[in-house]
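Asks: Once you've had a glance at the structure underneath, I'll fire off some questions.
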Amino acid sequence: MMMVSVSANANDLKPYRFDSMQMNLGALFFDRADRMKPAKSDFKVNRSVAMSNDDGHRAVILSLENLSSGRRILEPEQLMVIYADGTALRVNALPEKILLEGYEKRNFTLELGVNDYPVVAVVATNNEGY
């Protein structure tokens, strides 16, 4: 199983820019034999905006929603990143503990490390198609 790393030294990173073409392909399944899915959760990614820099570092701004009436803590494996080559990788670490109260929505930036391909989507189990 492959994992996405989110650790990066911010002092060494070149500035991010928003990827020029934003796609809404959250429900798209690439033709993958593994059919990997994010871990079950009460979260939904409402929107993700991909960013990158000249060195191939990828990041996304996520709009995340807690669909439960109770407080929930986001665990890394509850998010999955899909890249333009069809690769789907679970996130293996978050920059900080992310706790959402019942029905709370929050935006945050998730650094994904280096990848040759741009990010197509970030999804949780409550996103359509997953």
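The values are calculated or read from the model by the stated rules, or taken from the named source; none is laboratory data. Because the structure is a prediction, the values reported are computed rather than measured. All Cβ positions, even for glycine, are placed from backbone atoms using ideal geometry, and neighbour counts span all protein chains on display.
Asks: Across the stretch 38-74, what is the total count of residues that are surrounded by 15 or more Cβ atoms within 10 Å (Cβ to Cβ), outside any strand (DSSP E or B) and of a type outside the set (Gly, Ala, Ser)?
Replies: Here the count works out to 2.
Asks: Another question, then. Taking the stated definitions as given, is residue 103 exposed (fewer than 13 other Cβ atoms within 10 Å of the Cβ) and either more than 22 Å from residue 19 (Cβ to Cβ) or at pLDDT below 95 (or both)?
Replies: yes
Asks: Another question about this same structure. List the pairs whose first member sits in the stretch 42-64 and is of a type in the set (Lys, Arg), whose second member is outside any loop (DSSP other than H, G, I, E, B), and whose Cβ atoms are under 6 Å apart, counting only residues at least 6 apart or on separate chains?
Replies: Hits for this filter: 44/65; 47/63; 58/52; 58/112; 58/119.
Asks: Which one of the conditions (1) closer than 15 Å to residue 125 by Cα; (2) among the acidic types (Asp, Glu); (3) modelled with pLDDT under 95 does residue 34 fail to meet, given that it meets all the rest?
Replies: For residue 34, the failing item is (1).
Asks: Here's another thing I want to ask about it. Considering only residues that are among the charged types (D, E, K, R), surrounded by 13 or more Cβ atoms within 10 Å (Cβ to Cβ) and outside any strand (DSSP E or B), which ones fall in the stretch 75-97?
Replies: 75, 77
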